[in-house]
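The values are calculated or read from the model by the stated rules, or taken from the named source; none is laboratory data. Everything numeric in this text was worked out from a predicted model, so none of it was measured. No Cβ is skipped: glycine too gets one built from the backbone with ideal geometry, and neighbour counts run over all protein chains shown.
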Amino acid sequence: MAALPNPLSIETPVPVLSAELIEDLQRLQRAAQKITSILDLDQLIASVVVEVTESFGCVEASVYLNDENRAELVMAGVRGCSLHRKGHRLKIGRDGMAGHVASTGQTRYAPDVRKDEYYIPCEPSTRSEVAIPLRVGERLVGVFTASHPEVDGFPRQQLRILQAFCDHVAVAINNARLLRAERAERAALDRDAQEARAIQQALLPKSSPYIPGFAISGLSVPARAVGGDWYDFIPFADGRWGIVLADVSGKGTAAALLMSATRGMFRSLAEACCTPAEVLTRLNELMVNDFPAGKFVTLVYAVLDPAKRTAVFANAGHLRPLLVDDHHEVFLDVERGLPLGLQCGDYSETEIQLSKGSRLVFYSDGITEAVNPHEEEFGLCRLAEHAIRPDASAVSIVDEVRTFANGSGVRDDASVVFLKVAA
């Protein structure tokens, strides 16, 4: 049996449709409207085979999808078949009417399957079968097949209707497959992001250090799954502690990778027990040579001496630390301190005395630049006002920033290190 020309292109007068065919047409029109609204691929294909078998009294209806990588058709939906299940495969160009149609791109109708060279026997009651390619443009999406218990069970007008219906099916399946692929890709990216977040969180301190006479806390909240902020507490053998907070330019995965590299280099240098200025100078030299052009890190690093209640700090272009004591609230400056990774240079340092009850706060711009629904920034004044509260901590500052943003969201990574001297 030769391939059936496209019934929609046959240049012959269209006969008057019978009431039965009009009913079929209306039913399949409603079905076409229904399937175009279904986005789940499995549900869509199941709906197609059910609609066709119920509308035409078919023995069987099935939808095969094109597996381009293996040049095969994969049964994605079937109704009425006792021999094959979902997942059954046909070789394109070799197996059955569907395989033949997939290779030629032409509808094939077998009025009597017993006389068709491509038909592979399936249901004993099948007498006629049609296979219609599902195409979107030049791309083969799959093949639709329907079997009837009567010889020549699909009149020409029904074939016209089926072909028109399959045009809708092809588009709907293609859209559903694209959506499924997009969701799968998004899910994979989400898993990668969550794994990266877990790794990054593991690089942060597991707990606050115990330092007699001092209460110290830290918190970092990335704006995305991962971010470019980092803080750390580094114990030294002589009882001193290194305290660092850094902010890598940019956001997301790229910033997180640079942050991880910065952390590794910084810890190696800091543990050599150099002064803060020396650590930043040497770290900057490494980053100028290794970091991509245009990328930089702002960082503030202090060495706390609990015995003397002093802190010596150097600042590489980071926001000025906040010192609060009984006499004043001051944002601390240094003489020299460019961001790390831009150009070679040295760094100065400043020593401060920590009196009883004083607080020292390191923070990133995600704190001070957080905005509320009125586009007002949290700012330095609100930070200072919060820092003098008796219950102030890194967590309480971040919580207040979130409350302040109230729906606008924290747009940048937000990090705080809060140190309080016992009264």
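Condition (residue is β-branched (Val, Ile, Thr) and in contact (Cβ under 8 Å) with a residue 40 or more places away in the chain) applied to the stretch 253-261: is it met by at least one residue? Taking every residue of the stretch 253-261 in turn, at least one turns out to be β-branched (Val, Ile, Thr) and in contact (Cβ under 8 Å) with a residue 40 or more places away in the chain. Determine whether the stretch 404-411 contains at least one residue that is within 35 Å of the chain's Cα centre (by Cα), surrounded by 18 or more Cβ atoms within 10 Å (Cβ to Cβ), assigned by TED's automatic domain parsing to the domain that holds Gly252 and within 30 Å of Lys308 (Cα to Cα). No, the stretch 404-411 contains no residue that is within 35 Å of the chain's Cα centre (by Cα), surrounded by 18 or more Cβ atoms within 10 Å (Cβ to Cβ), assigned by TED's automatic domain parsing to the domain that holds Gly252 and within 30 Å of Lys308 (Cα to Cα). Among the residues of the stretch 267-297, write down those that are outside any helix (DSSP H, G or I) and either modelled with pLDDT of 85 or more or over 26 Å from Thr310 (Cα atoms) (or both). Once the filter is applied, which keeps residues that are outside any helix (DSSP H, G or I) and either modelled with pLDDT of 85 or more or over 26 Å from Thr310 (Cα atoms) (or both), the stretch 267-297 yields Thr275, Phe291, Pro292, Ala293, Gly294, Lys295, Phe296, Val297.
Tell me yes or no: at least one residue of the stretch 313-324 is under 30 Å from Leu189 (Cβ atoms) and either of a type outside the set (A, V, I, L, M) or crowded, with 21+ Cβ neighbours inside 10 Å (or both). Looking through the stretch 313-324, none of the residues is under 30 Å from Leu189 (Cβ atoms) and either of a type outside the set (A, V, I, L, M) or crowded, with 21+ Cβ neighbours inside 10 Å (or both). Within the stretch 54-71, restricting attention to residues that are outside any loop (DSSP other than H, G, I, E, B) and over 19 Å from Gly96 (Cβ atoms), which residue is farthest from the chain's Cα centre (by Cα)? Among those residues, the one meeting the criterion is Phe56.
Residue-by-condition table, conditions (1) in contact (Cβ under 8 Å) with a residue 40 or more places away in the chain; (2) under 30 Å from Cys274 (Cα atoms); (3) among the small types (Gly, Ala, Ser); (4) part of a strand (DSSP E or B):
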position: Leu342; (1), (2), (3), (4): yes, yes, no, no
position: Glu351; (1), (2), (3), (4): yes, yes, no, yes
position: Glu375; (1), (2), (3), (4): no, no, no, no
position: Leu380; (1), (2), (3), (4): yes, no, no, no
position: Glu385; (1), (2), (3), (4): no, no, no, no
position: Asp412; (1), (2), (3), (4): yes, no, no, no
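Under the condition of being in contact (Cβ under 8 Å) with a residue 12 or more places away in the chain, among the basic types (Lys, Arg) and under 21 Å from Arg156 (Cα atoms), the residues counted in the stretch 22-49 number 1. Residues in the stretch 250-266 that are farther than 16 Å from Asp413 by Cα and either part of a loop (DSSP other than H, G, I, E, B) or within 24 Å of the chain's Cα centre (by Cα) (or both): 1 in all.
Set side by side, the residues Val48, Val78, Val63, Val136 differ, and just one is in contact with a Lys or Arg (Cβ under 8 Å, 6 or more places away or on another chain) and hydrophobic (A, V, I, L, M, F, W, C), which is Val78.
Out of all the residues in the stretch 387-410, which are within 16 Å of Leu323 (Cα to Cα) and part of a helix (DSSP H, G or I)? Ala387, Ala394, Ile397, listed by residue number.
Pairs meeting the criteria (first residue in the stretch 174-186 and part of a helix (DSSP H, G or I), second residue among the hydrophobic types (A, V, I, L, M, F, W, C), beta carbons under 7 Å, at least 6 apart or on different chains) are Asn174/Val136; Asn174/Val141; Ala176/Leu39; Ala176/Leu41; Ala176/Leu44; Arg177/Leu41; Leu179/Leu39; Arg180/Leu41.
When the stretch 50-67 is filtered for residues that are in contact (Cβ under 8 Å) with a residue 40 or more places away in the chain and among the hydrophobic types (A, V, I, L, M, F, W, C), the ones remaining, listed by number, are Val52, Phe56, Cys58, Val59, Ala61, Val63, Leu65. With respect to (1) in a helix (DSSP H, G or I); (2) of a type outside the set (S, T, N, Q); (3) modelled with pLDDT of 90 or more; (4) not assigned by TED's automatic domain parsing to the domain that holds Leu44, the lone exception for Ala202 is condition (3).
Look at (1) assigned to a helix (DSSP H, G or I); (2) free of Cβ contacts under 8 Å to residues at least 24 places away in the same chain; (3) charged (D, E, K, R) and you find that Arg197 fails only one, number (2). In the stretch 119-151, of all residues being part of a loop (DSSP other than H, G, I, E, B) and touching a residue at least 60 places away in the same chain (Cβ under 8 Å), the one that is farthest from Ala170 (Cα to Cα) corresponds to Ser125. Within the stretch 72-100, the only residue that satisfies the criterion of being touching a residue at least 60 places away in the same chain (Cβ under 8 Å) and not in a strand (DSSP E or B) is Gly80.
Is there a residue being β-branched (Val, Ile, Thr), surrounded by 19 or more Cβ atoms within 10 Å (Cβ to Cβ), part of a loop (DSSP other than H, G, I, E, B) and out of contact with any helix residue (DSSP H, G or I) (no Cβ under 8 Å at 6 or more places or on another chain) anywhere in the stretch 300-310? For the stretch 300-310, residues β-branched (Val, Ile, Thr), surrounded by 19 or more Cβ atoms within 10 Å (Cβ to Cβ), part of a loop (DSSP other than H, G, I, E, B) and out of contact with any helix residue (DSSP H, G or I) (no Cβ under 8 Å at 6 or more places or on another chain): absent.
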